[in-house]
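The values are calculated or read from the model by the stated rules, or taken from the named source; none is laboratory data. All figures in this text were calculated on a predicted structure; none of them were measured in a lab. Here Cβ is always computed from backbone atoms with ideal geometry, including for glycine, and neighbour counts include all displayed protein chains. Each accessible area value is taken on the protein alone, full model and side chains, heavy atoms only, with ligands, DNA and RNA left out. Shrake-Rupley method; radii C 1.70, N 1.55, O 1.52, S 1.80 Å.
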Amino acid sequence: MFPLDQPLPTMFYLTLYVVTLVVHVLFMNYVLAGSAYVAWVSVFRGTDGQRPTAPAARVLRDWMPAALSAAITAGVAPLLFLQILYKKDFYTANLLLFHRWMAILPVLIVGFYLTYFLKSKRITHRHGLVRAAIGVGAFACFAFVAYSWTENHLLSQRSQVFKTAFYATSSIIYTDPRLLPRLGIWFFGAFPTMVWMLGWQLRYQRNTGQPVPGSEFKRLAVTGVVGLAMAGLCACGYLWAGPADEVGGSVIFGQSALVWTVSSLMGGLVLLIGLVWLAICPDQPTRSLALATVGSVVAILGATCVREVVRLNRVDLEPLYTQHAAAMKVGGLWVFLLFFAVNGVLIAWCFALARRKMGPLNA
Amino acid sequence: MTYYPLNDFGPVMKGMVIGGLGIFHVFLAQFAIGGGMLMCYLQWLAMRRPKVTSPAIDPHSQLFRAFLDSYFKTLVLISFVLGALTGVAMWFTTIQVSARTIGVMVDEFHWIWATEWTFFCLEIVSGYTFYRYGKGLTDRARMTLLVLYSIAAWFSLFWINGILSWQLTPALGQPGSLWANFFNPSFWPSLFFRTVVSMTIAALAGCVVVNTMSEIGREERTVLINRMAHFLGAMVVMPLLAWWYFSVIPADSRQWVMGGSIAMTLFFMVSAGASLLIGGYAVMALIKQRLYINGATATLLLALAFAATGGGEFVREGVRKPYTIRGALYSNSIVPDEVAHLRNVGLTTDDPYPLRDAQAYPNNQLRLGAMVFRDQCSVCHTMDGANALVHLAGSWTLDQKRLNFAKLQHLKTFMPPFVGNAHELEAVVQLVTWNADNRPTDWPDTSQTAPFTEIERYLEQAGTGSGLSTLPPHTNSADRLTRAATGPQ
Ligand code: HEM
């Protein structure tokens, strides 16, 4: 069973990679689906965003820059472990995509500023068209970044022969029939996560006396269910588009991945139940949100592990075992753990200061 | 040898790309660090009672608070967004320029990076908390957040500084301990120097922000600016710290800054000159108590600080030549221990990546030359753009080229030794000559006729070692790095 079927050092780094990637995925989902939601609202329900009846879009706009910061910061950690684990494959894909890959950085910067614009007062009073353009622009930036990570991920796992041929073409755009369905999984799958996160924020608002109608919870829950269903469809499309020998059932239901595949499916089911429950009883969101949260985290963790088993099936890690072992010996782990704990406490202190003084988190 | 699919950066040298981005990133990051300290100082001013005997707080207390909130907004909007993302960009750019370098650094220092990351998280959280809720918090809570923010920001410098200074002065002479490498000889001077630079940048940015605050008058601006000038005062120790830094870096690197390399010396002069101007102004401001700096002047001073940072970063990137990790990895991602082997088997023999523009060359020898150029010269040279081989050596005779290319590391000690066999060397010689002749469609292939025994003798004489005379002794730790860089990646 993954990751126990790897030597200790490799297992150690794989575990850290998966855990940190899950955190990245959670925040990334909030940004990706959240910005899509805001874009949708700003295009199709023009003034809705300002009415108190549309708290979801307001909260999303308000928290988008912070969530983006969190997504980026949380992305750095798996980036570190990814390099220790796979090195050459990741770097080679980066180099092959060249400007195409580097473009994610200016695009992220633009997206970041657009999220600040979206919440600034000057913009809220602007013409609907301007707001719609900014909303769609921000979402487009994040969608592009997601697309790029997926493209890079798929390219990194191709054979040396393919990479050599790709290099010779001078192309910096990688196409693959699996790319869109895979992106679809990430994109639609982001909605249920965003829904429960936002659900907790709205619940908090309601508990601190701000009006959040049940219909808003209901709308969110339905959005989450649709997202989950679409993600499932894309997953089928992905399996269908991919060459059978690479992601066939033999890998996903093989010894290494089975437990994770099952966890992921079960998690998805629990998530679905939570969301449906929320849609039916939107006025008592606590338990249904808790259920959806647990299901979602389990599903994402399971899916992330399966994703890794699939990669391990294509990339031969064995020649790298000695290097993983050497990396584990370099020292510094204790210092990291120490400061991880200390800074964790200090971060909690910051949150406490904010809560104690402010009451409603969103005033 | 690990081969990567190398890209052509057009007329710019790859090193320039890193340097160029580095300037922005370092400038913004140092702004964030100094900004934290400056805000702590102002918050303290806002809270303190000037006279112990009188219960009254500082009459300017509200002014300091108002400025702080304004300044913090700037800091968050500029430094959180651009600072953080240019940081990631630095990482990605380093991969583009030398994937092998970042690979070794990650292997060696991942826990340091991970530690830095925990501080970065704290910086983000404390910063955002202050940004969102600062106005409604008590003075004590504000101070707490600002102190946490500053500590976190400064410590991210602390950790990353260990890795960056290690690239130039790795403690290779010591057994491979992480901490010997981390607290390497240039760690402390470079940490203190950067701290002072941070304070300078923050104070100058403060002067700019003061001038954008329409709600306060000249009187009040002067009060704030005079406080900011205190931060500039730290600049007086800069020459001392610079001297300390230069006294611990390798002698050859030092020589390049002191006239050995025109470009390096020039960048250094820009940096030192700009700092001197800012320092001069600061001293005046401090002596002439009620000095006022208007928006234009403040912006100009900040631009000078940017130039100083720019010069400094180019020097820092430049003086490491011919290495990215001194003694362990050459700038062109070739490991010193591989050179001898590659002299025998050839540099390009095992390179799986073909030329992208093969049809642009009239014969196979030139194609070979182009691959050799791509694999080992293109990090620092272009053919006819920046630091172009055609401009540097185009007018040399064939024999001069053969001799000098074979002895690169002695020709200029900031170049690595030539890597590859005599045929590959001849191919580069022909490539440069062909380019200098404006790339005619017909070109003779000399792969049968060139004086290969001569070339081999030149290579023999040049040896496979570095041209530097002050390399640290080769030890366990260097071996370990070599293994890290050469192992299956
Ligand atoms: C809004 C911005 C971002 C979005 C929407 C996003 C989206 C994604 C997606 C969709 C994936 C999965 C790729 C796949 O498996 O097909 C991914 C993976 C990843 N992301 Fe992000 N990402 C963002 C920003 C970042 C940043 C700034 C970093 C790094 C600093 C980062 C680090 C990573 C890493 C390391 C992986 C794993 C890649 C692999 O294993 O191949 N992400 N991201």
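What to note about this one:
- Using alpha carbons only, the radius of gyration of the stretch B:200-346 set against its Kirkwood radius gives Rg/Rh = 1.18.
- Nitroxide proxy distance, nm - points 7 Å out along Cα→Cβ at residue A:283 and residue A:355: 2.8 nm
- A crude spin-label estimate for the pair residue B:400 and residue A:129, with each label 7 Å from Cα along the Cβ direction, gives 6.5 nm.
- Rounded to the nearest 20, the Cβ-based charge dipole of chain B about its Cα centre (Lys and Arg +1, Asp and Glu -1) stands at 2100 debye.
- Chymotrypsin sites (Phe, Trp or Tyr not before Pro) lying in DSSP loop within the stretch A:1-106, provided at most 15 other Cβ fall within 10 Å: none
- Farthest toward the positive end of the dipole of the stretch A:8-330, out of A:67, A:211, A:237, is the Cα of A:211, where the dipole comes from beta carbon charges about the Cα centre.
- Size-normalised alpha-carbon gyration radius of the stretch B:14-320, reference 2.2 N^0.38 Å: 1.03
- The aspartates and glutamates within cross-link reach of residue B:135, meaning a Cα-to-Cα straight distance under 14 Å and a gap of 8 or more places when in the same chain, are B:69.
- Working from label points 7 Å from Cα in the Cα-to-Cβ sense, the residue B:303 to residue A:266 distance is 6.6 nm.
- Between residue B:357 and residue B:57, the C-beta separation translates, for a Förster distance of 60 Å, into a calculated FRET efficiency of about 0.25.
- Total accessible surface hidden between A and B, rounded to 100 Å², 1.4 Å probe: 6400 Å²
- Mean separation of Cα contacts under 8 Å (6+ apart) over length of chain A, as relative contact order %: 21 percent
- Size of charge dipole - the protein assembly as shown - debye, nearest 20, with Cβ of Lys, Arg +1 and Asp, Glu -1, no other charges: 3500 debye
- Rolling a 1.4 Å probe over the protein heavy atoms of the stretch A:8-330, with every protein chain left in place, gives an accessible area that is 73 percent carbon and sulfur.
- The residue list A:252, A:190, A:98 was ranked by how far each Cα lies along the charge dipole of chain A toward its positive end, using unit charges on Cβ atoms, and A:190 comes out on top.
- Cα shape, the protein assembly as shown, gyration tensor, a/c 1.5 rule: oblate
- Chymotrypsin sites (Phe, Trp or Tyr not before Pro) restricted to the stretch B:61-111 and DSSP loop, no more than 10 other C-beta within 10 Å: none
- Whichever lysines have a C-alpha closer than 25 Å to that of residue B:288, once near sequence neighbours (fewer than 8 apart) are set aside: B:51
- Within the accessible surface of the stretch B:284-386, defined with a 1.4 Å probe on protein heavy atoms only, the carbon and sulfur portion equals 60 percent.
- Whichever aspartates and glutamates have a C-alpha closer than 13 Å to that of residue A:218, once near sequence neighbours (fewer than 8 apart) are set aside: A:283
- Length-normalised contact order of chain B in % [C-alpha pairs under 8 Å, at least 6 apart]: 20 percent
- Pairs of Cα atoms nearer than 8 Å and 6+ residues apart set the relative contact order; for the stretch A:1-150 it is 32 percent.
- Selection from B:329, B:448, B:368, by position along the positive dipole direction of chain B (Cβ): B:329
- Computed [θ] at 222 nm, helices only, for the protein assembly as shown once each DSSP H run of length n ≥ 4 contributes -39500 (n - 2.57): -24000 deg cm²/dmol
- With 18 Å as the limit, the listed pairs B:321/B:407; A:88/B:14; A:119/B:73; A:87/A:163; B:321/B:412 have A:88/B:14 beyond it between alpha carbons.
- If you sort A:349, A:186 by accessible surface, 1.4 Å probe, largest first, the order is A:349, A:186.
- Cβ-Cβ FRET estimate between residue A:100 and residue A:160, R0 fixed at 22 Å, reported to 0.05: 0.60
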